[in-house]
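Notes follow once the structure below has been shown.
The values are calculated or read from the model by the stated rules, or taken from the named source; none is laboratory data. Please read these numbers as outputs of a predicted model, since none were measured by experiment. Here the Cβ positions follow ideal geometry from the backbone for every residue, glycine too, while neighbour counts run over all protein chains shown. Note: areas computed on protein heavy atoms with side chains; ligands, DNA, RNA excluded. Shrake-Rupley method; radii C 1.70, N 1.55, O 1.52, S 1.80 Å.
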Amino acid sequence: MSRICKKKPAVCTDEPLSNSNICQKMALLRNILSTAYGPTGRLKQIHNNVGGHVLTTSTSTALLKRVDMSEPLLKMISTAVQHHTACYSDCGLFMGIFTLRLIENTQNNGLRTAAAAKVYKHLVEECNMYLKGDSCGCKVPVDFSNSDSLIALARSMIASKPACMLNSRETKHISSLIAQAFLYSIHCNSSGVSCFGRTVTIGIEGQSVSDSSVFPGLLVDVPEMLQHADLERLESGLFKVVLFSVSLSGDISEVGDVTLEIHRGVDPERDLLQQLLKLGEQVVMDKVNLFACQKVVHPILQHYLRKHGVVVIERLGLALMEPFVQLTGAQAIASLCSSVPVEAYGMVKEFCLQSCGSRELLQLLPSKDAAVSTMVLCHRNETMLEELKMTCKRAEHVLRLTLREPYALLGGGCTETLLATHITHMNCSKASTIAQALCISHSEFIMAVKAFCSSLQSVALSLEHDGQDCLIDLTYAHRWVPDIYSKTCSCGLVEDRSNLEKTPLKTAYHTFSPVSLENTDSQPRILDSFSAKLNALNVAVEMANFVLDVKYIIKDIN
Amino acid sequence: MQEECVSLQVCVSVVGALECVVRRCLGPDGGSVLFTRDTGETLITRHGQRVLRTLHLQHPMARMVLDCVCAHAKATGDGTKSFLLLLAALLRGIQDSHMQRKGSWSIPSLQNLANRLLAVSRKELEDVVTHKITPYASLYCSHHSYKLEGIILDLSISGYISGRVGISQADVLKRVLCEFYHKVSQDQNAVETISFIHSHFSFLHTSVTGLPIGCSEVIEGLVVTCDWSVWTEPAGSVKALILYESFGASFVTVGENISVCIQKDYLHRTESAMKQKLASLLDLQVHVVLSSVKQPESVLQWARLNHVSLLECVDSAQLDFLSNISAAETLSHPPLQHLVMLKYCRRVQLSGHRYACLGTFLHMHTLVLCAPAPGFLDQIVCVSQGVFAMLQHLSQSFCQTLASDQSQSPSSDQSQSVLSSQDLWGGILRAGGVLPVGGMFEFLLHHFLLNERNSCDPESCRLLAEALLCLPRTLYSHNHRRFLNIQTRFLDDLKQWDKTKEQRSEMPELKFGFGFSESSVPCLESVSGKKQLVVSVLQCLHRLLCVGAILNTRCPLRTGPQTHSEEDEDEEEEKPKHSNSTQSTDL
């Protein structure tokens, strides 16, 4: 009989957004995110109070993955940000701050949610149209004939991750490495549909960042039994490669956890070893120079192969299998018994030893155009190295996104201020007609536009953490920081001149249409990913609408 | 055994509590409800039935109401929130009239009232709907046919969606659902298409997180949510093999206590057995293998060498579906293997994941639904599924009336005509099967019930008519003046309509319905669904009012077949509620 226990009634929250407790938690999350935003963002240290690993980071992915939210609405926002960064690798903090600001502003202005949702939807469509259109002033095309814009994109991404602890020289070095690795990963003479190549990342701890570099081909650990003499003995030219994905250890492990019953006179281990040696014989006969295996190779087989001048790489690991296949063109062999088919052999042009910092690695170079490269990243300690590895991986992804949409947005908060100015200008003149079309009152419309634009501006404001003012100029609507040394705006596109009128952000100023800059020689220094920011903007508005829509929370505490 | 007396007061408070939860979700201006559990599960919904099901209802009366709601929703796929609002309004109406009389309702008199209301639903309601509302709807639609022609499907879909997702997502979702319907139907039989989509919806959609809803799209072919393990671009149509078991000998599936006997040459034997199996595949000229389980590494190697594409870990229900729709040929010798012809195989990329896409010869399309976060996505998927349930109800009720019309006229041929998409929607339009949303049905019914001359029970009619107005009132709760505006305008229109009908002069333009938003065409909802709603509510009310007492027992209740009455077929465990007043006095 089942135990009868009285169910506890569910805890209901009516109008959760007007609940002060929830609002407070929301403000806290917004504070965490906005203080971590940008190049001068403050680092966050996450640790468990029972001890263990301490993480220092300022990226949204690392931060939100480890911070557990108690409030279901915040949990939703956090998951949405994580899903966005999983797809686009960038602009996670932007999305989080913008969503939370939009919710707060709507709530503070006392807007009716259905009306606010309609207006936000309308505005985000207008933003999309503006950003995708030709007359957009905050978008620059990515020039693939020249690596400057690629490096600028990569550099702004790394610079906005202060937990990597890089100085400006190191930042420059790493961003050029990322651009280099990205260029390696594109097939040179591909026709039609093709996949990206692979970039394998190896981290080395305790070395200075300037030792990091990118190598074409694949770098693997030097096998224990390999000696320099073995490599010297190899002549130059193409080398034949065979790759096994099955374990060649000679154990009967495949069967699983069962009782074995063995007939008299049968020795399965010896049979297996003989089979392995037979395989070795065939490989030697086929003049194979490199014998690679994902798992363990039996020492006797290794010895036999080495005696015949074959280089053996064992314990390659699953992660390296795919790049290895791409590099050599070999097909992974999964059975011991049949002979190796001719089509399964691959080729390597060269292999040599490379020393990267403290480690010796064996470099394999492809025989034909295979877009595989290895990035060796060095950093002083483990935490920073982890952050650097993750940042580099993301930066490369962001560069790949430019192939789909070859644009970049102005960074440094200029896109936000420009967009806000444009939206205000566009909607103030036609307010009454649009409000009527959306079936809402004129004042509701004006208030919602104001809430939207001030949320965008708050994101630009969040870039500043040292208590300095943020300014906006009244001609181009770029963001400025009062700095005697800097002669340009935050993104570096507009140069300062004496008659440029500026006013602090979020103060009242007349609406104007931003003038787009033409015939300028200056290049923006800071660029953001176009695809990532566009998606972040859309998803943020949708999330805000969605959270505003929640009118009732029922918490089952059984 | 405890006895608990049930009074009208209890009914009102129980239904009122339920109403309180769902009234926030009503209409396009409503909000959604978020449920959370300590296990971390979250559910966000505006769907009335889901809200009620997720609440763990304790009170037996509430559970009975829930059963009625579910039965109604199963029939029409729509109107659960209105159900509760109307029920609560009716109960309050009864209570108020009792206050006015200053006399107490005895249980028999309540029962009597319930019976009378039920009678109203059988007679007056039927009359009003068939003779007054349907002609009105038909007239209305014919007046605006130039605007409605061709987009009636879109309008009914948006009528359904607008109460279930946020206002900003409704257009996007409507657009993609209509596109999906049109692509799947391809001017085939509309009724069949709808029921096909409705019954196989789980295979015909794929969900993607991390993107805005605007990225939702319709993709040709059947999308399978896993990537090819071995991929070679096949040219043109290919033969595919569907597998449900692994090629390799696996001991894990057999059980734990087994022993393996190793003989001489065991290595070669297992190897050659596998080889034989694989060679037989090549004889069949198979270029694609779809497997519901993981295959051993050697099969992958074989596939790579022989340029066969291999897809592993496919949902076996989806494979069944594929073999059903594309007339699979079942192989005789190895069991559980099917051969199908595929038009093409592709790889599609959806937000960073690569999925397989199979083209069948039947025009198959997959609906890709995107949303920023999983809970949100769930809501959208659920709504999309509900749309097709609603459409199925709409098309089927139309077919039923069509069939009954045909049987009445002997001249019509007996062959079941195949309705094309245009025929079906045009037919529904002309027959007056739809009305604009936003309280039009309620206004009409209210008006006609009050003015029914030859009604035998004016008191019940008035009760029902007053309660009906609560729906539009809640719909415009944020703007009460709007409600009054709409009501007066409607009454003016109606008077004009009556006048012209008597004089048989030219029809004036009926402006009603367009008053909601001057520029756009209103969304539509089904008249039969609405009628069913009123009937279901009155039936539920009848059941509620007939309960005299609740007996709490400890022993499990078993209702044998002999105790089944015609009304409680779906009520296996709810016996005590049915003990009506006479029974309770016996105990």
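Residues in the range A:32-76 that are surrounded by fewer than 18 Cβ atoms within 10 Å (Cβ to Cβ) and part of a loop (DSSP other than H, G, I, E, B): 14 in all. In the range B:8-20, the condition of being away from chain A (no Cβ under 14 Å), more than 30 Å from A:Lys118 (Cβ to Cβ), in a helix (DSSP H, G or I) and open to solvent by less than 10 Å² (accessible area, probe 1.4 Å) is met by at least one residue. Give me the residue from the range A:285-297 that is in contact with a helix residue (DSSP H, G or I) (Cβ under 9 Å, 6 or more places away or on another chain) and open to solvent by less than 40 Å² (accessible area, probe 1.4 Å) and, out of that set, farthest from the other protein chains (Cβ to nearest Cβ). In this case the residue turns out to be A:Leu290. Give the residues of the range A:303-317 that are over 16 Å from A:Phe351 (Cβ atoms) and charged (D, E, K, R), sorted by residue number. A:Lys307, A:Arg315, listed by residue number. Among the residues of the range A:408-453, count how many are among the polar types (S, T, N, Q) and open to solvent by 30 Å² or more (accessible area, probe 1.4 Å). Qualifying residue count, the range A:408-453: 7.
Per-residue answers, yes or no, for (1) assigned to a helix (DSSP H, G or I); (2) more than 14 Å from chain A (Cβ to nearest Cβ); (3) farther than 25 Å from A:Lys551 by Cβ:
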site: B:Gln49; (1), (2), (3): yes, yes, no
site: B:Cys70; (1), (2), (3): yes, yes, no
site: B:Ala75; (1), (2), (3): yes, yes, yes
site: B:Asp78; (1), (2), (3): no, yes, no
site: B:Phe83; (1), (2), (3): yes, yes, no
site: B:Ala89; (1), (2), (3): yes, yes, no
site: B:Gly93; (1), (2), (3): yes, yes, yes
site: B:Ser97; (1), (2), (3): yes, yes, yes
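Quick one: count up the residues across the range B:21-35 that are outside any loop (DSSP other than H, G, I, E, B), within 7 Å of chain A (Cβ to nearest Cβ) and open to solvent by 10 Å² or more (accessible area, probe 1.4 Å). Before you say what the answer is, go through the steps one by one.
Start the filter on the range B:21-35 by keeping residues that are outside any loop (DSSP other than H, G, I, E, B), which leaves B:21-25, B:32-35.
From what's left, within 7 Å of chain A (Cβ to nearest Cβ): B:21, B:24, B:32-35.
If we keep only those that are open to solvent by 10 Å² or more (accessible area, probe 1.4 Å) too, we end up with B:21, B:24, B:35.
So the answer is 3.
Take A:Asp148 and tell me if it is surrounded by fewer than 22 Cβ atoms within 10 Å (Cβ to Cβ), more than 14 Å from every other protein chain (Cβ to nearest Cβ), acidic (Asp, Glu) and without any contact (Cβ under 8 Å) to a residue 24 or more places away in the chain.
Values: surrounded by fewer than 22 Cβ atoms within 10 Å (Cβ to Cβ): yes; more than 14 Å from every other protein chain (Cβ to nearest Cβ): yes; acidic (Asp, Glu): yes; without any contact (Cβ under 8 Å) to a residue 24 or more places away in the chain: no.
No, not satisfied.
Looking for something outside any strand (DSSP E or B) and at pLDDT below 85 - is there at least one such residue anywhere in the range B:528-538? Yes, the conditions are met somewhere in the range B:528-538.
Considering A:Ser70, A:Ser78, A:Ser89, which residue is more than 7 Å from chain B (Cβ to nearest Cβ) and at positive phi? Walk me through how you get there before you give the answer.
Values: A:Ser70 fails: at positive phi; A:Ser78 fails: at positive phi.
Among A:Ser70, A:Ser78, A:Ser89, only A:Ser89 is more than 7 Å from chain B (Cβ to nearest Cβ) and at positive phi.
The single condition from (1) open to solvent by 10 Å² or more (accessible area, probe 1.4 Å); (2) touching a residue at least 40 places away in the same chain (Cβ under 8 Å); (3) not in a helix (DSSP H, G or I) that A:Ala477 fails is (1). Among the criteria (1) away from chain A (no Cβ under 13 Å); (2) free of Cβ contacts under 8 Å to residues at least 12 places away in the same chain; (3) out of contact with any strand residue (DSSP E or B) (no Cβ under 9 Å at 6 or more places or on another chain), the one B:Glu329 does not fulfil is (3).
Within the range A:137-154, is even one residue modelled with pLDDT of 90 or more, outside any helix (DSSP H, G or I) and within 18 Å of the chain's Cα centre (by Cα)? The answer is no, given that none of the residues of the range A:137-154 is modelled with pLDDT of 90 or more, outside any helix (DSSP H, G or I) and within 18 Å of the chain's Cα centre (by Cα). Take the conditions (1) within 14 Å of chain A (Cβ to nearest Cβ); (2) assigned to a helix (DSSP H, G or I); B:His307 misses just one of them, which is (2).
Starting from residues that are under 17 Å from B:Leu342 (Cα atoms) and of a type in the set (S, T, N, Q), keep the ones in the range B:266-304 and report whichever is farthest from the other protein chains (Cβ to nearest Cβ). The qualifying residue farthest from the other protein chains (Cβ to nearest Cβ) is B:Gln285.
Restricting attention to the range A:64-103, the residues that are among the charged types (D, E, K, R) and at pLDDT 95 or above total 1.
Scanning the range A:502-512 for residues that are touching a residue at least 24 places away in the same chain (Cβ under 8 Å), of a type in the set (A, V, I, L, M, F, W, C) and surrounded by fewer than 19 Cβ atoms within 10 Å (Cβ to Cβ) turns up just one, A:Phe512.
Of all residues in the range B:175-199, those being touching a Phe, Trp or Tyr at 6+ places or on another chain (Cβ under 6 Å) and open to solvent by 40 Å² or more (accessible area, probe 1.4 Å) number 1.
Table: residues versus (1) of a type outside the set (Gly, Ala, Ser); (2) within 25 Å of B:Val223 (Cα to Cα); (3) open to solvent by 30 Å² or more (accessible area, probe 1.4 Å).
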residue: B:Gln295; (1), (2), (3): yes, yes, no
residue: B:Leu305; (1), (2), (3): yes, no, yes
residue: B:Glu312; (1), (2), (3): yes, yes, no
residue: B:Asn324; (1), (2), (3): yes, yes, yes
residue: B:Ala327; (1), (2), (3): no, yes, yes
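Are any residues in the range B:513-527 open to solvent by 10 Å² or more (accessible area, probe 1.4 Å) and modelled with pLDDT under 75, and if so, which ones? Listed by number, the residues that qualify are B:Phe514, B:Gly515, B:Phe516, B:Ser517, B:Glu518, B:Ser519, B:Ser520, B:Val521, B:Pro522.
Among the residues of the range B:202-211, which ones are open to solvent by 10 Å² or more (accessible area, probe 1.4 Å), in a loop (DSSP other than H, G, I, E, B) and within 14 Å of chain A (Cβ to nearest Cβ)?
First, the residues of the range B:202-211 that are open to solvent by 10 Å² or more (accessible area, probe 1.4 Å): B:202-203, B:205, B:207, B:209, B:211.
Filter once more, keeping what is in a loop (DSSP other than H, G, I, E, B): B:202-203, B:211.
Across the range B:202-211, the qualifying residue is only B:Leu211.
Name every residue in the range A:513-553 that is among the hydrophobic types (A, V, I, L, M, F, W, C) and open to solvent by 20 Å² or more (accessible area, probe 1.4 Å), in order of residue number.
At the first step, the residues of the range A:513-553 found to be among the hydrophobic types (A, V, I, L, M, F, W, C) are A:515, A:517, A:526-527, A:530, A:532, A:534, A:536-537, A:539-541, A:543-544, A:546-548, A:550, A:553.
Correct list: A:Val515, A:Leu517, A:Ile526.
The requirement of being assigned to a loop (DSSP other than H, G, I, E, B), modelled with pLDDT of 85 or more and not charged (D, E, K, R) is fulfilled somewhere in the range B:184-201, by at least one residue.
Does A:Phe196 fit the bill of being part of a loop (DSSP other than H, G, I, E, B), modelled with pLDDT under 90, of a type outside the set (Val, Ile, Thr) and under 30 Å from A:Thr383 (Cβ atoms)? Spell out how you get there, then give the answer.
Details: part of a loop (DSSP other than H, G, I, E, B): yes; modelled with pLDDT under 90: yes; of a type outside the set (Val, Ile, Thr): yes; under 30 Å from A:Thr383 (Cβ atoms): yes.
So A:Phe196 fits the description; yes.
The one condition from (1) in a helix (DSSP H, G or I); (2) surrounded by fewer than 17 Cβ atoms within 10 Å (Cβ to Cβ) that A:Ser339 does not meet is (1).
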